[in-house]
Amino acid sequence: MTAIDYSERIPNNVNLAEDRRLRRALEQWQPRFLDWWHERGPQGYLDAEVYLRTAISVDAAGWARFGYVRMPEYRWGVFLAQPQPDRAIGFGEHAGQPVWREVPGEYRGALRRLIVVQGDTEPASVEQQCVLGRTCPSLYDLRNLFQVNVEEGRHLWAMVYLLHAYFGRDGREEAEELLGRHSGDSDKPRILGAFNEATPDWLSFFMFTFFTDRDGRFQLASLAESGFDPLARTCRFMLTEEAHHMFVGDSGIARVVQRTCELMRERDTDDVGPYGGLSLPLLQRYLNFHFSVSLDLFGSELSTNAANYYSMGLKGRFQEERIEDDHRLDSAAYPVALPEDGEIVVREEPALAALNERLRDDYIADCAKGVERWNRVIRSANIDFELRLPHRAFNRSVGRFAGMRISPDGRVISEDEWQRGIAQWLPTQADREMVASLMQPVTERGKFAAWIAPPARGINHQPLDFEYVRLA
Ligand code: BYC
Ligand code: FE
Ligand code: FE
């Protein structure tokens with residue numbers, strides 16, 4: 001049940017061999033995916049051999065095999081977590097009923113929309129990161145970038161499988177469109193805002209994997225609660241891959257912070273720019289940007305879409321089964337920060353409508369833990385500086401705070417004050433140029449760029465000077 005069949009053209013544990021129609025449909029989509037990968041995927045490393053992990057089973061223990069792979073030959077496939085026997089729908093109007101193994105007709109449109117939005121983000125991130133290989137700070141980091149990229153590619157496969165297997169013709173059309181929209185394209189952009197932003201440098205990449213992949217983690221966790229069992233099982237397996245993406249961001253920023261602190265102490269200055277480091281205020285500005293853009297991904301504070309997804313049993317709360325309430329929320333309330341008469345006030349709102357905000361709260365709490373880990377690095381260097389998450393209303397483009405002028409500490413401010421503050425709050429052109437100037441590739445084994453500390457340990461118990469990527 002858990003073993004993955006690698007003798008198939010499309011590795012899978014969904015018995016593709018016995019579903020000829022589906023297999024043929026996916027085999028027709030496969031070359032388009034590969035064309036897309038060549039055109040829009042990692043640039044310049046098609047022949048490099050990369051030390052990647054590949055899923056060999058969906059068991060929690062030992063699902064990965066490590067070995068050298070040329071990325072275009074990576075075995076992208078369809079892997080679902082094992083079904084849970086007698087699983088019942090955990091929330092909403094159908095709570096307690098057996099989960100759906102087919103798409104419930106009345107919810108077809110809503111479900112397809114959720115799957116398409118999820119699927120759209122995966123290739124978008126690969127497109128956003130396609131030029132980073134050229135400026136890698138080490139072979140270790142280059143390998144991690146590519147690991148993230150191939151897994152986001154596989155996440156696209158996961159959603160395309162659902163579209164093909166369960167949505168017939170319009171599913172196939174949506175699967176095509178997932179390769180037809182492109183990040184930042186003015187005619188056919190990706191669906192969600194953050195996925196049309198550029199990821200031009202490695203600081204942005206680490207911030208992205210910390211903040212934006214973390215939205216992925218929370219969204220996938222909510223979808224893993226779904227009453228539509230194939231979606232739940234797909235997302236459960238995706239979450240095991242997502243953990244590594246979180247690690248890349250978390251440890252990446254921690255290593256940048258560590259290097260910055262070392263330079264500050266060595267040179268006895270806050271301004272480490274001239275010595276090839278990234279100053280703490282600059283890191284704070286990047287953090288502000290990526291956090292606020294990622295908060296937008298949760299949608300409006302009050303959303304009938306979110307309420308419907310929940311009542312329909314399609315998208316749950318984070319760790320729904322651990323929450324002790326009626327799992328219907330018909331009369332429950334939830335506190336939501338909202339703008340009112342030029343102020344930000346917290347009001348009790350219907351919990352159903354506030355589900356996006358609730359997930360955003362869970363996300364913010366998780367981000368705060370990561371920031372605290374970075375601050376521990378700063379404190380242990382005896383430096384008096386604290387990185388902070390800006391207020392949730394700062395720099396928002398989606399929801400009730402969209403377009404409002406709100407300072408990082410959560411004050412509603414005038415346009416004038418905003419304009420005066422912005423250069424301290426968000427990355428400036430000079431910051432971006434400074435960061436870009438540091439992005440000189442380092443591809444010698446065991447060597448790391450001067451703006452980032454080496455990691456504590458290698459991948460899969462390999463040493464730091466392991467040849468994580470064999471350049472062609
Ligand atoms: N940009 O009712 P509302 C990941 C639209 S990341 C542009 O508040 P709803 C990954 C919205 O679609 C995880 N448009 O929204 C990370 C709606 O449009 P319609 C991705 C936006 O539906 C890194 C309208 O505004 N997965 O996996 O409650 C690397 C009203 O909004 C945005 C998911 O998101 C935006 N930011 O919530 C790789 C899970 N926000 O219907 C991968 C699936 C909202 O009026 N998606 N809009 O035309 C969902 O659950 C929901 O679609 C959202 C939005 C939470 C995104
Ligand atoms: Fe993903
Ligand atoms: Fe990810």
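Read-outs throughout are calculated quantities, based only on the coordinates presented, and are distinct from any laboratory measurement. All figures in this text were calculated on a predicted structure; none of them were measured in a lab. Glycine gets a Cβ as well: all are built from the backbone with ideal geometry, and neighbour counts include every protein chain shown.
Taking a ≥ b ≥ c as the square roots of the eigenvalues of the Cα gyration tensor of the stretch 391-466, is the shape rounded (a/c under 1.5), prolate (a/b larger than b/c) or oblate? Intermediate results must be reported in sequence, preceding the final value.
Details: a/c = 4.24, a/b = 2.38, b/c = 1.78.
Note, shape of the stretch 391-466 comes out prolate.
So how strong a dipole does the chain carry about its Cα centre when Lys and Arg Cβ are +1 and Asp and Glu Cβ are -1, to the nearest 20 debye?
On the way: 56 positive and 71 negative charges, 214 e Å.
With Lys and Arg at +1 and Asp and Glu at -1, about 1020 debye.
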- What does the highest-first list of 416-423, 452-459, 389-396 look like by mean Cβ count within 10 Å? 389-396, 452-459, 416-423
- Mean-position separation - Cα centroids, the stretch 1-54 and the stretch 112-157, in angstrom: 15
- Item | Scattering profile of the stretch 201-360 at q = 0.11, 0.14, 0.18, 0.19 Å⁻¹ [log10 I(q)/I(0), Debye over alpha-carbon scatterers] | -0.59, -0.83, -1.08, -1.13
- At a temperature of 20 °C and a viscosity of 1.002 mPa s, determine how fast the stretch 135-179 diffuses translationally according to Stokes-Einstein, using the Kirkwood radius over alpha-carbon pairs as Rh; express D in µm²/s, rounded to the nearest whole number. 179
- Starting from the Cα of Leu34, step 7 Å along the direction of its Cβ; do the same at Glu415; then give the gap between the two resulting points in nm. 5.5
- Report the antiparallel proportion of the DSSP beta bridges in the stretch 1-110 as a percent, rounded to a multiple of 5. 90
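Would you list Lys369, Lys315, Lys447 from fewest to most Cβ contacts within 10 Å? Kindly include the intermediate steps, with their values, before the conclusion.
Details: Lys369 9, Lys315 27, Lys447 15.
By the 10 Å Cβ count, ascending: Lys369, Lys447, Lys315.
Could you put Glu73, Glu122 in order, starting from the residue whose Cβ has the fewest other Cβ atoms within 10 Å?
On the way: Glu73 10, Glu122 22.
In order of increasing Cβ crowding within 10 Å: Glu73, Glu122.
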- Message: Once you place label points 7 Å from the Cα toward the Cβ at Ile422 and Glu386, how far apart are they in nm?
- Response: 2.9
- Message: Please report the antiparallel percentage of the DSSP beta bridges confined to the chain, to the nearest 5.
- Response: 90
